[in-house]
Amino acid sequence: MRIPTALLPLLASVAFLAGGEPAEGQAAAGQASVRSARLFAVVAEGGTDVEVRVDYRVALEGPAPAGLRLEILGFGPASVERFGVETPGAAGVRPPPSAPGGSPRAATADAGVPAPGTLPLTTETGSMRTAVIPLAALAPASGEASFSLVYRVAGAVERSGPRVRVRLPILVVDLPPEPGASRIFDASVRLPEAWAVSGGFPTGLARTAGGTWEVRLPVVPALVSLRGRSDGAWRPGMPEALDALAAIVLVGFGLVGWRHLRKVAA
């Protein structure tokens, strides 16, 4: 049975806690696997669509597949219909268009790789869309293929008054993570500096300089999402509310225990 890539984080956690063998869908030695994935996105003030780029490094140990299958899910109004492939320059994968140091060079027809925005995704089941890119088109060398997937997420930003929600579905390479790797995925999402974020997915998203939010994970998730307000007013999200509730419960139990001890001592 083939396990969807989006379920790998849960299965890996279950296998680890059980102390058993790796769950189906995790890479074994000598198998093609995802070595790293780095997501970059910039959310503009007033816009609804967001450009996303994911830089991939895929290890090609053992029998290499003829093509790489890609999968992406739709979440709410956020959807992706087309994508492009870029190959790195001589210095490796370059920074995203918004980062210092210039933008990545789009692959040309001479390189055998399509320019961004030219490849369609096929609807498969529900909101899942898929595509296959020939491995030979990525010009893999020395047991590794490095490339970038670029695409536009339509309806990525949903607004209701000052409340905003950003959903960035991830175009996932349908391969398991590299065995033994503790960090596969990095995401860097830049929001307008005035925005106040109250929650997001995956957990662990943290703000850095200049309104950028980052997260690091051992697997590639299906989605990066943030919610907050565009007017800068902070409102507690569900994690903060649960933490506050837990603190209140603990304080309540502590007071009850203290009163009981006083009665016993008296």
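Assorted remarks:
- Ordering of 32-42, 60-70 by burial proxy (mean other Cβ atoms within 10 Å per residue, highest first): 32-42, 60-70
- Going by neighbour counts of Cβ atoms within 10 Å, the residues 224, 164 line up, fewest first, as 164, 224.
- Estimated vicinal HN-Hα couplings, Hz - region 37-47 in sequence order (Karplus 6.51, -1.76, 1.60; Gly, Pro = x): 9, 10, 9, 10, 7, 10, 9, 8, 5, x, x
Computed from the coordinates by the stated procedures, all read-outs in this text should not be read as laboratory data. These numbers come from a predicted model, not from an experiment. Don't worry about glycine lacking a Cβ; one is built from the backbone with ideal geometry, like all the others, and counts go over all protein chains shown.
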